[in-house]
1. For Gln9, only one of the following conditions fails: (1) closer than 14 Å to Leu65 by Cβ; (2) assigned to a helix (DSSP H, G or I); (3) under 14 Å from the mean Cα position of the chain (by Cα); (4) not hydroxyl-bearing (Ser, Thr, Tyr). What is its number?
2. If we scan the range 33-46, do we find a residue that is of a type in the set (Val, Ile, Thr), modelled with pLDDT under 80 and surrounded by fewer than 17 Cβ atoms within 10 Å (Cβ to Cβ)?
3. Scan the range 12-32 residue by residue and report those that are loosely packed, with under 11 Cβ neighbours inside 10 Å and either of a type in the set (Val, Ile, Thr) or in a helix (DSSP H, G or I) (or both).
4. Restricting to the range 12-49, and then to whatever is touching a residue at least 24 places away in the same chain (Cβ under 8 Å) and polar (S, T, N, Q), can you tell me which residue is nearest to Leu65 (Cα to Cα)?
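The values are calculated or read from the model by the stated rules, or taken from the named source; none is laboratory data. Quick caveat, the model's predicted, so the values are computed rather than measured. Cβ placement follows ideal geometry from the backbone for every residue including glycine, while neighbour counts extend to all protein chains displayed.
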Amino acid sequence: MTLLPNLPQNAALLDLLREQGVLQDRGAYVYEGWELHTHPDFVERLEDLAPRWPVVATYAMSVLLNLNG
């Protein structure tokens with residue numbers, strides 16, 4: 001699973017994503033053991049809007065990753 005860096009400024013977001021995440025063993029909408037909550041078209045749109053920031057899946061929800069922390 002791709003996680004955001006475990007930095008103090010990410011704590012609230014990581015807690016929220018973990019609470020909303022749904023563990024899944026298998027199925028059409030599973031990503032790394034979590035139920036996917038992001039439509040692929042949305043991921044593409046995020047990538048278009050912020051081309052220098054990678055879009056990562058955290059608890060199977062897409063977020064933009066700021067490489068500077």
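1. Here Gln9 clears every test but (3).
2. Start the filter on the range 33-46 by keeping residues that are of a type in the set (Val, Ile, Thr), which leaves 38, 43.
Now restrict to residues that are modelled with pLDDT under 80: none.
The answer is no; no qualifying residue exists.
3. Ala12, Asp15, Glu19
4. Among them, the one singled out is Thr38.
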